[in-house]
Structure formats: structure tokens, C-alpha cells
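The values are calculated or read from the model by the stated rules, or taken from the named source; none is laboratory data. Keep in mind that what you see is a predicted model, and the values were worked out from it rather than measured. Here the Cβ positions follow ideal geometry from the backbone for every residue, glycine too, while neighbour counts run over all protein chains shown. Surface accessibility is based on the protein's heavy atoms, side chains included, excluding ligands, DNA and RNA. Shrake-Rupley method; radii C 1.70, N 1.55, O 1.52, S 1.80 Å.
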Amino acid sequence: MHALVLAVLQAHGADEANAGAVAETVTRAERDRALSHGLFRVPGYVKALQSGKVKGDARPVLNAATPAVMRCDAGNAFAPMAHKTCLPPLIEAAQTFGLAGVSIQRCHHFAALWPEIETLAQAGLVGITCVSYLPWVAPHGGQVPIFGTNPFGFAWPRPGRDPIVIDMATAAMAMGEVQIAAREGQAVPLGTGLSPSGELTTDAAEIAKGVLLPFGGHKGSALALMIELLAGPMVGEAFSFEAQARDNGDGGPAQGGQFILAMSPAVFSDADWAAQTERFVAVYDGIEGARLPGAKRHAARRDPGVRAVNTPLLTEIRGLLS
Ligand code: NDP
């Protein structure tokens, strides 16, 4: 998978560093059976290279605003290339100062958030990140979309074990999933979105023409708002609706920003935070029916078996080689 994605992206103008960063993210997603952000995204990555919206030879530049706050101008790279540049210095700063952050600008995020925050957790740090995306989600009580599907990621380190990783969109359901349900004539849960006339409906085809809603009513809506602010003015980038207005509509990821915060529990706490974490996990795991967020992906990762790939998708990606 890695070799195929690398070759496809290089065939469309990405250099080895940029193509390799994306190929690694795609391969890790397929390894973890996180299919919505693996090979499925490759045609979109290619469209963004073809239109010139994303620079396949970008070299993100990192500047220190203070010793603990960095600014990364991604130079219109795909996000994984920006992460290659900014995560190692972010880790070093957070381990030195107890807390460090990076604001990423001019970046194109088309992936899940867990790769970057798991990298922080593997270094013993707590990671928090968020990204905004094209405006498909109406605020609670409204019918006009202003929020992106706005994912939020949180990772907590567990030395010697898989970290706890929460990585979730604040939309009740991804637009892609609604479109698939519409194609297959399946109903979606009430609260997923509104029809073009603003009615709550379970009809996916109507929602695909209307708007999505945040999960959890006014509370999810508040989180989506927080993410617009952290991934927008906090990092010097556009809101979701502004990103859409300037996007060329090529089907690839729009330009936007990313907020990443890294914190060291070893610096914040004067107690044995790791042992305390395990006391919590022991009780949590003892609750029948409960599992930790991230556990499904980590279990998939440990499975050394073959990975199934959608044949039409694979054919489409191979077709992009020529
Ligand atoms: P899900 O609803 O599938 O999962 C959200 C979180 O809940 C995950 O951490 C998941 O862990 C956990 N979880 C799921 N089921 C359970 C359960 N039964 N018990 C405990 N925890 C559970 O994710 P979303 O559909 O909201 O988002 C999917 C992906 O899309 C994310 O990776 C997100 O970053 C990405 N995304 C990216 C965007 C972008 O612009 N780049 C835009 C929007 C979304 P687990 O993984 O173990 O199932």
C-alpha cells in the first residue's frame, strides 16, 4: 500500500518527502482498519496535486513565537508533511517546559487526527488537537451551515501500553457516511441533519441536500464553535466558511489551520500519574460493555493478518499511476 500511494503521488508531482509523509499516514490508517482516512482519500489527494492547490514540493517552515509556542507555515503541504516538521520540536519543547503548542497555517488536512496526537502520547505527552473543515454543519437551533465537521483529538500516554486516544468529529455523522446511506437507500438516526426545508429527517438523501447537525445538541454545537476558534483565529487561519469561499472545489482538502497542544503530565503532576491512570483503566475495563476510545484501532493494529481493500477503489488508484 505504501509503495502504491508513494508512486501515485509522485506521478502527480509530489516529491519523495511529501509523497512519503502522506503514504505513511494512509498506510497507518489501513493498518488500523480506519478505512475512511486510508486509501479512500488517495483520489482526493491526487486532485489537490493536479489542480496545484497543494504543493507537492512544499517545505513547511517552523518559527518560534516564544520558546514554547511555535508557528508552522505549511506552505500548502498536506498535513502529514507539516507534522514531520513540527512534531519533533514540539515534543522537545513540551518535555522541557511542561507545555508547548504549535499553530499550523496554510495546511491541507485530509486525514484522521490520531496519527499526530498518538505520536505525542508515545513520547509521554498529552496531545490535544483540532481542525476545522468545509461548512456543512448548522449550529444548534439554526438551519444554516457554518461549522465544519470539526474533529477534535485527545491522546493520553500510558507508558508501555497503547495510549488512550479520542478522535471524533463534532458532526453527528460524517457527510461521506450520509452520502453512502443515501446511495444505498438507508435511513440515518434522527438528529443527523436537516432537509433543505429545515425539517429533522431520517432520510439520508434529504440531509445530503440539506445540512448536518452537531452531535449532542447544544453541547456538541458548543464544541464545534470552540474548534472553529482554535483552528481559525487562534492559529491565524480561516473559518470553515471562509475556507470554502477561497477553495477551488477540486475535491481535495481545502486550505486550513491546525491547533496542537502538548502537555507533560510528568511536569504537571508531582505524583505517579501513570500508576494513577492504570487504576482508572482497571476499573473502567471492568465495566461490562465499556471499552476505551482508541481500543478498536489498536486491536486492529495488533492483528498481523491481511488487510482487505475495496477492489474498485484499488483499480481507481492504480489507474492514477499512468
Ligand atoms: P467515531 O464516531 O467512529 O469515533 C469517535 C471516537 O470514539 C474514537 O476515538 C473511537 O475510538 C471512539 N469510540 C467509538 N465507539 C466507541 C465505543 N463503543 N466505546 C468507546 N469509544 C468508542 O469517529 P468519527 O466518525 O467522529 O470520526 C472519524 C474520523 O474522521 C476521525 O479520525 C476524525 O479525525 C476524522 N475527521 C477528519 C476531518 C478532517 O478534516 N481531517 C473531518 C472530520 C472527521 P476507536 O477508534 O477505537 O473506535
Contact list please: Cβ distance under 9 Å, first residue in the stretch 196-223 and free of Cβ contacts under 8 Å to residues at least 24 places away in the same chain, second residue of a type in the set (K, R), pairs at least six apart or on different chains. P196/K209; A205/R183
Cβ-Cβ below 7 Å, separation at least six or inter-chain, first residue in the stretch 15-41 and more than 14 Å from W114 (Cβ to Cβ), second open to solvent by 40 Å² or more (accessible area, probe 1.4 Å) and among the basic types (K, R): which pairs? A21/K84
Residues that are assigned to a loop (DSSP other than H, G, I, E, B) and small (G, A, S), drawn from the stretch 1-27: G13, A14
(1) closer than 15 Å to A121 by Cα; (2) away from the ligand (no atom under 13 Å from the Cβ): which one isn't true of N310, the others all being true? (1)
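Where in the stretch 97-168 are the strands (runs of 3 or more DSSP E), entirely inside, with at least 3 residues that are outside the structural domain of M226 (by TED's automatic domain parsing)?
Values: elements: 99-108, 126-131, 151-156.
Output list is empty.
Would you check which residues across the stretch 171-184 are outside any helix (DSSP H, G or I) and either open to solvent by less than 70 Å² (accessible area, probe 1.4 Å) or under 17 Å from S221 (Cβ atoms) (or both) and list them?
Selection gives A171, A172, M173, A174.
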For the stretch 84-106: of the residues being closer than 10 Å to I260 by Cα and among the β-branched types (V, I, T), which is surrounded by the fewest Cβ atoms within 10 Å (Cβ to Cβ)? V102
Just one of the numbered conditions (1) open to solvent by less than 50 Å² (accessible area, probe 1.4 Å); (2) charged (D, E, K, R); (3) in a loop (DSSP other than H, G, I, E, B) is not true of E30; which one? (3)
Let me confirm something: among V165, V144, V137, which residue is of a type in the set (A, V, I, L, M), farther than 20 Å from F97 by Cα and within 8 Å of the ligand (Cβ to nearest atom)? V165
Some residue of the stretch 156-172 being at pLDDT below 95 and over 12 Å from the mean Cα position of the chain (by Cα): no
Assess whether G124 counts as being more than 10 Å from the ligand (Cβ to nearest atom) and either open to solvent by 40 Å² or more (accessible area, probe 1.4 Å) or among the basic types (K, R) (or both). no
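Are any residues in the stretch 33-73 more than 16 Å from the ligand (Cβ to nearest atom), in a helix (DSSP H, G or I) and open to solvent by less than 70 Å² (accessible area, probe 1.4 Å), and if so, which ones? Even if it seems obvious, please write down each step before you answer.
At the first step, the residues of the stretch 33-73 found to be more than 16 Å from the ligand (Cβ to nearest atom) are 46, 49-52, 55-73.
Checking the rest, the ones that are also in a helix (DSSP H, G or I) come to 46, 49-51.
Those that are more than 16 Å from the ligand (Cβ to nearest atom), in a helix (DSSP H, G or I) and open to solvent by less than 70 Å² (accessible area, probe 1.4 Å): V46, L49, S51.
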